[in-house]
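Have a look at the structure below, then the notes.
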Amino acid sequence: MDNLNLRIHPLHTEAAGLLTCQVVRFSDVPALLLNVARGDVRAAQTLRTLDQFLTNVERAKPQEPTLCATCDRSVQQSSFACAIVSADRDDATQALVFAICFHCAGTGSLASIKARIEDFLRENIWPELRVINPAPHGGRA
Ligand SMILES: [Zn+2]
């Protein structure tokens, strides 16, 4: 089992096939903080995951920088967005995080960034990935 498979296995176990992919740009952080203050568990998870990932990016060796998932440019801590893939549940403990460089994150809409990430995941990790549009939160069926 290679390194990526070892890291993905706990995520697969937790997700049971239902993953969520959240693209977070730095301009989203104030709204996330506000949601945390209102008791939003998923916003708190997102910020914790983002903080841990940024620490890893800062500590990366210069010869092994974190690369953009959609174009392979080196990313710098202050100039990119992140895609967080986790189980679609409030108590998720596992996540895969991918960096998106300023060039890719700054030139497209959120929908186009998500489409690029989905293509990346389909090509590199889950060839049978299908995107399901979630029901709006707060509604009743
Ligand atoms: Zn890029």
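Readers should treat all values here as calculations from the given coordinates under stated rules, not as data from a laboratory. Worth saying up front: this structure is predicted, and the values here are computed from it rather than measured. Heads up, the Cβs are rebuilt from the backbone with ideal geometry, glycines too, and the neighbour counts pull from every protein chain shown.
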Query raised in the report: So between Ser112 and His9, what do we pick up on full extension, going 0.36 nm a residue minus the alpha carbon distance?
Result: 34.3 nm
Query raised in the report: Dividing the Cα convex hull volume of the chain by residue count, how many Å³ per residue is that?
Result: 131 Å³
Query raised in the report: Which Cα, out of Ile125, Ser74, Ser109, lies furthest along the positive dipole direction of the chain (beta carbon charges, K/R +1, D/E -1)?
Result: Ser109
Requested in this report: Multiply the residue separation of Phe26 and Gln52 by 0.36 nm, subtract the distance between their alpha-carbon atoms, and state the gained length in nm to one decimal.
Outcome: 7.9 nm
Requested in this report: Run the dipole for the chain about the Cα centre, Lys and Arg Cβ at +1, Asp and Glu Cβ at -1, nothing else charged, and hand back the magnitude in debye, nearest 20.
Outcome: 260 debye
Report task. Rounded to the nearest 0.05, what FRET efficiency do Thr93 and Leu33 give with R0 = 22 Å and r taken as the Cβ-Cβ distance? Could you check? Result -> 0.55
